[in-house]
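Undergrad: Quick one: the structure is below, and I'll ask about it shortly.
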Amino acid sequence: MQPSELQSVKQRFGMIGNSPLLNRAIDIAVQVSATDLSVLITGESGVGKETFPQIIHQFSHRKHGPYIAVNCGAIPEGTIDSELFGHEKGSFTGALGERKGYFEVADGGTIFLDEVGELPHSTQVRLLRVLEAGEFIKVGSSKVQKTNVRVVAATNLNMIEATRQGKFREDLYYRLNTVPIFIPPLRERKEDIVLLFRKFALDFADKYRMPPVKLTEDAQQILSNYYWRGNIRQLKNIAEQISVIEQNRELTGSVLRTYLPDNEMETLPSVFGGIHQDEQRSFNNEREILYQVLFDMRKDMNDLKQLVHDIIIKGGNIDVATAAKIEEMQLARTQFVKQTETTIVTPQHQPSAFMKANGKHDHIEDTEEYVEETLSLEEVEKDMIRKALERHKGKRKFAAQELGISERTLYRKINEYGLE
């Protein structure tokens with residue numbers, strides 16, 4: 001798709017962003033719209049999956065037919081068959097008359113099944129028959145009816161795992177997944193986050209008749225690095241809160257942090273540089289960060305001890321890869337100690353394992369077993385906060401910035417540890 005065509009689609013459906021992953025999803029939706037293939041849209045809650053079935057419908061030959069969106073997770077299990085396929089009069093208590101289901105009403109058009117992973121097994125069997133033969137039977141009837149509908153489904157579940165656990169029929173999954181479209185989460189569209197915020201800020205400024213909120217440079221950085229578990233929906237809600245509450249229309253980073261839950265702050269950067277960007281994760285609080293760092297450090301040191309032990313068994317000779325690995329682990333330990341300002345593992349003797357400039361390798365000296373000290377995480381955390389406050393002469397704002405936590409969290413920790 002040409003860039004001009006892509007931009008036209010975005011403007012038509014009110015989509016903001018230039019992420020390659022988003023552009024790819026739009027491109028697939030437009031390309032597949034000319035066919036009658038089933039489409040399965042996957043992505044986290046709040047990423048905007050509901051827009052893509054509309055793109056598929058509007059660019060298809062069915063655009064003049066009906067378009068019906070059904071939230072499968074919002075319909076009780078006892079009535080969902082009746083909602084989707086209809087029922088005959090008297091087929092169950094309360095069925096006072098005949099009713100047409102969505103598949104009958106949407107004949108010749110498109111039906112969007114949102115949260116399709118929530119369908120009960122009995123309904124999954126009925127849906128599979130519609131997809132394979134274009135047939136369905138109303139609840140309480142024995143008459144087979146035909147329907148000609150395009151099915152587009154969406155889910156935020158891991159469908160492969162759901163099929164393995166028996167929660168979703170494997171044959172139905174592959175029938176729905178003829179063309180998969182993945183909508184990326186907001187944290188994988190960092191270049192779009194500030195653009196989306198500006199759009200929402202302008203919308204709410206117009207809605208509430210006030211000047212739009214603007215972000216300082218540090219606020220933009222915080223916004224871009226936030227985890228956004230609720231994705232676009234969460235970003236929009238926060239933009240609305242700020243637009244209504246804040247009187248100062250230029251938003252700084254410190255003010256923005258008060259609107260962002262601490263348990264979803266920035267993804268932790270790799271302490272040792274050994275974690276791939278795709279493997280980064282969020283942490284619920286600072287204590288979890290310390291747990292993770294301690295766990296990784298212990299694992300690295302155990303690996304180092306095993307390497308040294310294996311080298312001694314082999315007569316003290318090491319190859320280039322092994323020497324490099326030992327150097328990497330030693331560097332990781334040094335970085336860790338500098339960051340936490342406390343010694344987590346104290347060796348009685350440090351092994352020497354550096355490569356010589358002439359390509360030969362140092363001999364590994366005799367070593368003694370490492371003695372690991374048991375440290376209280378609370379004490380480590382308390383000590384880090386105390387030293388940060390001392391360095392900044394009690395100024396909590398700057399101490400919180402150094403520690404990478406919000407001032408609110410720092411106040412809570414100061415009270416908790418009695419550091420007043």
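Undergrad: Based on alpha-carbon centroids, what's the gap between the range 200-245 and the range 91-154 in Å, whole number please?
TA: With the range 200-245 and the range 91-154 each reduced to a Cα centre, they are spaced 40 Å.
Undergrad: Now a separate question. Given labels modelled 7 Å from the Cα in the Cβ direction, how far is it in nm from Thr178 to Glu240?
TA: Using points 7 Å along Cα→Cβ, the separation is 3.7 nm.
Undergrad: A further question follows. Work out the FRET efficiency for Glu5 and Asn415 from their Cβ-Cβ distance, taking R0 = 45 Å, and round it to the nearest 0.05. If you can, show how the numbers build up before the last one.
TA: Numbers: r = 57 Å, r/R0 = 1.28.
So the FRET efficiency works out to roughly 0.20.
Undergrad: If you count only protein heavy atoms with a 1.4 Å probe, what accessible area per residue comes out for the range 112-254, rounded to a whole Å²?
TA: Working: 7130 Å² over 143 residues.
Averaged over the residues of the range 112-254, the accessible area is 50 Å².
Undergrad: With a point put 7 Å past each Cα toward its Cβ, work out how far Glu217 is from Glu170 in nm, to one decimal.
TA: That separation, rounded to one decimal, is 5.6 nm.
Undergrad: At what distance in nm do the modelled label points of Leu37 and Val105 sit from each other, each positioned 7 Å from its Cα along Cα→Cβ?
TA: 3.0 nm
Undergrad: How big is D, in µm² s⁻¹, for the range 1-99 by Stokes-Einstein at 37 °C and 0.692 mPa s if Rh is the Kirkwood radius over C-alpha pairs?
TA: Translational diffusion coefficient: 204 µm²/s.
Undergrad: Moving to a separate point now. Calculate, for the range 1-74, the solvent-accessible area per residue in square angstrom, rolling a 1.4 angstrom probe over the heavy atoms of the protein chains. List each step's numbers first, then the result.
TA: On the way: 3490 Å² over 74 residues.
Result: 47 Å² per residue.
Undergrad: Sort Tyr102, Tyr226 from largest to smallest accessible area, using a 1.4 Å probe on the heavy atoms of the protein chains. Don't skip to the end; give the middle numbers.
TA: Values: Tyr102 60, Tyr226 0 Å².
Most to least solvent-accessible, the answer reads Tyr102, Tyr226.
Undergrad: Moving on to the next point. Sorted from largest down, give the three principal axis spans of the alpha carbons of the range 157-198, whole angstrom values.
TA: 43, 20, 12
Undergrad: Could you give the length gained on full extension between Glu407 and Val144, defined as 0.36 nm per residue of separation minus the Cα-Cα distance, in nm?
TA: Working: separation 263, 0.36 × 263 = 94.68 nm, distance 6.51 nm.
Result: 88.2 nm gained on full extension.
Undergrad: Give the carbon-plus-sulfur fraction of the accessible surface of the range 51-158 in %, rounded to a whole number; probe 1.4 Å, heavy atoms of protein chains only. Let's see the in-between values first.
TA: Details: 2350 of 4980 Å².
Carbon and sulfur atoms account for 47 percent of the accessible area of the range 51-158.
Undergrad: Which value results when the Cα radius of gyration for the range 124-239 is divided by 2.2 N^0.38 Å? It would help to have the intermediate numbers written out before the result.
TA: Details: Rg = 21.7 Å, N = 116, 2.2 N^0.38 = 13.4 Å.
Relative to the 2.2 N^0.38 Å estimate, the range 124-239 comes out at 1.62.
Undergrad: Stretched out fully, how many nm does the piece from Lys395 to Asp27 gain, at 0.36 nm a residue minus the Cα gap? Let's see the in-between values first.
TA: Working: separation 368, 0.36 × 368 = 132.48 nm, distance 5.15 nm.
Fully extending the segment from Lys395 to Asp27 adds 127.3 nm.
Undergrad: Follow-up. Which one, Ala95, Gly108, Ile80, is farthest towards the positive end of the dipole of the range 46-114 when Lys and Arg carry +1 and Asp and Glu -1 on their Cβ?
TA: Working it through, the farthest residue towards the positive pole turns out to be Gly108.
Undergrad: For the range 51-169, what ratio Rg/Rh do Cα atoms give with a Kirkwood hydrodynamic radius?
TA: So for the range 51-169, dividing Rg by the Kirkwood Rh gives 0.97.
Undergrad: So for each of 396-403, 227-234 I average, over its residues, the number of other beta carbons within 10 Å; can you give me the resulting order with the highest mean first?
TA: Working: 396-403: 17.1, 227-234: 19.9.
Highest mean packing first, the order is 227-234, 396-403.
Undergrad: Let me ask something else. What's the ranking of 71-77, 145-151 by average number of surrounding C-beta atoms within 10 Å, highest first? Intermediate results must be reported in sequence, preceding the final value.
TA: Values: 71-77: 13.6, 145-151: 18.7.
So the peptides 71-77, 145-151, ranked by packing, come out 145-151, 71-77.
The values are calculated or read from the model by the stated rules, or taken from the named source; none is laboratory data. All values reported here derive from a predicted model rather than from experimental measurement. Please note: Cβ atoms are built from the backbone with ideal geometry, for glycine as well, and neighbour counts cover all protein chains shown. When the accessible area is computed, the model is the full protein with side chains, heavy atoms only, and any ligands, DNA or RNA have been set aside. Shrake-Rupley method; radii C 1.70, N 1.55, O 1.52, S 1.80 Å.
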